[in-house]
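Participant: Quick one: structure below, then a few questions.
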Amino acid sequence: MTSDEMWKVTPLKSCILAILDKRGGVILENDLDNSLKDMYGDYSDSELNKALMTLENQGLVHVSWISKTKRRIHKMTQDMGFLAVGED
């Protein structure tokens, strides 16, 4: 088994949450990408999107678009809440 085929010890979702904790709960996707490459290693855009979508569905983060190419990832706290589609 080569180093490219080895399993990661820490899940990508856990690394994202750890980075958000270090950054005060808010980070831009570009900064997250740089930090994840240092902490996690190689991953694909689809893996990142899947991890962010899972975290958002679990209510742990909120991802919002700042512009067409920039996203902001915000860690949710107990007192925060977002309305689901159709709840407004």
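The values are calculated or read from the model by the stated rules, or taken from the named source; none is laboratory data. Not measured: the values here are computed from a predicted model. Counting neighbours? That spans all protein chains shown, and the Cβs are built from the backbone with ideal geometry, glycine included.
Participant: Could you count how many residues in region 30-88 are in contact with a Cys (Cβ under 8 Å, 6 or more places away or on another chain) and at pLDDT 90 or above? Show your work before the answer.
Facilitator: Step one: filter region 30-88 for residues in contact with a Cys (Cβ under 8 Å, 6 or more places away or on another chain), giving 36, 39-40.
Pick out the ones that are also at pLDDT 90 or above and you get 36.
Residues in region 30-88 being in contact with a Cys (Cβ under 8 Å, 6 or more places away or on another chain) and at pLDDT 90 or above: 1 in total.
Participant: While we're here: For region 64-78, which positions are out of contact with any helix residue (DSSP H, G or I) (no Cβ under 7 Å at 6 or more places or on another chain) and in contact (Cβ under 8 Å) with a residue 24 or more places away in the chain? Reasoning before the result, please.
Facilitator: So in region 64-78, the residues out of contact with any helix residue (DSSP H, G or I) (no Cβ under 7 Å at 6 or more places or on another chain) come out as 64-69, 72, 74, 76-78.
Selection gives Ile66, Arg72, His74, Thr77.
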